[in-house]
Amino acid sequence: LPAVTSPCKILKCNSEFWAATSGSHHLGTEEAPEFCTALRAYAHCTRRTARTCRGDLAYHSAVHGIDDLMEQHNCSKDGPTSQPRLRTLPPGDSQERSDSPEICHYEKSFHKHSAAPNYTHCGLFGDPHLRTFTDTFQTCKVQGAWPLIDNNYLNVQVTNTPVLPGSTATATSKLTIIFKSFQECVDQKVYQAEMDELPAAFADGSKNGGDKHGANSLKITEKVSGQHIEIQAKYIGTTIVVRQVGRYLTFAVRMPEEVVNAVEDRDSQGLYLCLRGCPLNQQIDFQTIRSAQATEGRARRKGPSLSAPPQAFTYETAMAKCREKLPVEDLYFQSCVFDLLTTGDVNFMLAAYYAFEDVKMLHSNKDKLHLYERTRDLAPGNTAPSGTSLALWVALLCLSQCWLGLL
């Protein structure tokens with residue numbers, strides 16, 4: 001399967017610019033010529049990819065950002081465009097401004113005379129599996145572009161694409177996060193990631209909230225190059241974790257309830273998956289899975305051969321593989337087993353593992369880390385699955401695998 005990536009190469013331009021200028025904003029004026037050289041190279045890179053980037057928000061943001069930076073640093077548009085590697089900050093040199101406005105620190109400003117805020121968590125990973133801010137756990141189809149978060153402070157949109165040709169299994173191949181301009185704290189910033197492109201900077205090449213006094217209340221930190229970034233938005237008390245596991249992306253966020261519910265008109269608001277969950281027609285239950293796999297089996301028999309998963313798992317081997325990283329048989333474990341059976345890709349086991357690791361780091365209620373299958377007959381809460389429901393789930397998955405094998 002050819003990689004499903006955009007021909008727009010703005011993320012590559014952004015990464016190259018940041019690699020060339022890491023730490024340069026904190027250096028003396030003697031570095032201005034080298035910074036201008038990197039800016040001209042950045043502009044040249046954006047011009048090369050302009051034709052394929054029409055309508056791309058990250059591209060247009062970068063173009064405007066380049067013009068602003070050239071003006072601020074008195075850079076000429078004519079001159080050398082090689083990309084020198086500038087000096088980085090010495091170890092231990094903090095970029096945090098000690099005089100940042102109090103309004104740019106959520107816990108200090110919003111709750112100065114009240115109880116600490118209640119934090120919530122949302123995550124998306126795997127085939128994909130969604131854990132909402134209300135701790136509802138769903139498996140969804142949601143192919144194409146869907147909004148995860150849409151409130152007064154930020155927007156998050158994901159794009160999910162099929163894992164294999166003809167397969168109902170999808171995974172996240174693109175992620176766009178827009179932080180809206182906020183008072184004296186941050187300018188509007190766009191972060192965009194795709195398969196094999198996990199930048200450690202915003203679309204305009206910066207790593208903080210811009211030129212405002214509280215810019216460092218929004219920062220990106222690269223935890224593992226090309227695999228794991230963390231965005232801290234202190235002005236709204238929010239932490240976002242984005243990972244690339246295998247070829248696909250995972251998303252996790254920790255956000256105060258006040259920010260989660262900060263929408264102009266909640267009743268008329270459209271989809272917001274982290275808050276409302278997936279639409280009913282996009283949710284997958286076990287009967288739907290069985291039907292879809294049976295349909296695919298008939299298509300294999302009647303039509304052209306479709307690609308099989310890269311590695312076949314039986315239910316027993318999938319269970320054993322998932323237990324290596326997820327010893328508790330909760331919904332993260334069950335999602336791991338399901339993903340291995342439907343995709344054959346062992347990276348989906350790692351996606352479930354890291355999703356649970358992010359929950360442990362981000363969820364404020366440690367009693368709700370593990371979620372178990374709920375039924376309509378049970379009261380809300382983290383209720384363990386009954387032997388009957390789990391057995392039914394196992395039987396349906398095994399039956400679907402045997403059915404495909406026979407066809």
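The values are calculated or read from the model by the stated rules, or taken from the named source; none is laboratory data. Everything numeric here is computed off the predicted structure, so don't read it as measured data. For neighbour counting, all protein chains shown are included, and Cβ atoms are generated from backbone atoms with ideal geometry for every residue, glycine included. SASA here: full protein model, heavy atoms, side chains in, ligands and nucleic acids out. Shrake-Rupley method; radii C 1.70, N 1.55, O 1.52, S 1.80 Å.
Figures for the structure shown
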quantity: Criterion: under 29 Å from Cys45 (Cα atoms), of a type in the set (S, T, N, Q) and out of contact with any Gly (no Cβ under 9 Å at 6 or more places or on another chain) - qualifying residue of Ser173, Ser181, Ser167; calculated: Ser173
quantity: Residue match in segment 105-120 (condition: modelled with pLDDT of 90 or more, hydrophobic (A, V, I, L, M, F, W, C) and in the same structural domain as Phe179 (by the TED database)); calculated: no
quantity: Of all residues in segment 326-383 being exposed (fewer than 14 other Cβ atoms within 10 Å of the Cβ), among the aliphatic types (A, V, I, L, M) and modelled with pLDDT of 90 or more, the one that is nearest to Gln138 (Cα to Cα); calculated: Val328
quantity: Residue match in segment 263-273 (condition: in the same structural domain as Leu148 (by the TED database), outside any loop (DSSP other than H, G, I, E, B), of a type in the set (Ser, Thr, Tyr) and surrounded by fewer than 22 Cβ atoms within 10 Å (Cβ to Cβ)); calculated: no
quantity: Verdict on Gly226 being on the phi > 0 side of the Ramachandran plot, surrounded by fewer than 19 Cβ atoms within 10 Å (Cβ to Cβ) and assigned by the TED database to the domain that holds Gly123; calculated: yes
quantity: Qualifying residues in segment 123-160 (those that are open to solvent by less than 10 Å² (accessible area, probe 1.4 Å), of a type in the set (Val, Ile, Thr) and in a loop (DSSP other than H, G, I, E, B)) - the one modelled with the highest pLDDT; calculated: Thr132
quantity: Residue tally, condition of a type in the set (A, V, I, L, M, F, W, C) and farther than 30 Å from Cys185 by Cα, over segment 151-175; calculated: 4
quantity: When residues of segment 183-209 are limited to those that are part of a loop (DSSP other than H, G, I, E, B), of a type in the set (S, T, N, Q) and touching a strand residue (DSSP E or B) at 6+ places or on another chain (Cβ under 9 Å), the one least open to solvent (accessible area, probe 1.4 Å); calculated: Ser206
quantity: Any hit, segment 384-404, residues being at pLDDT 50 or above, open to solvent by less than 50 Å² (accessible area, probe 1.4 Å) and over 20 Å from Phe251 (Cα atoms); calculated: no
quantity: Unique residue being basic (Lys, Arg), open to solvent by 20 Å² or more (accessible area, probe 1.4 Å) and at pLDDT below 90 when the list is Lys180, Lys212; calculated: Lys212
quantity: In segment 162-177, the residues that are crowded, with 18+ Cβ neighbours inside 10 Å and either in the same structural domain as Thr343 (by the TED database) or not in a loop (DSSP other than H, G, I, E, B) (or both); calculated: Thr170, Ala171, Thr172, Ser173, Lys174, Leu175, Thr176, Ile177
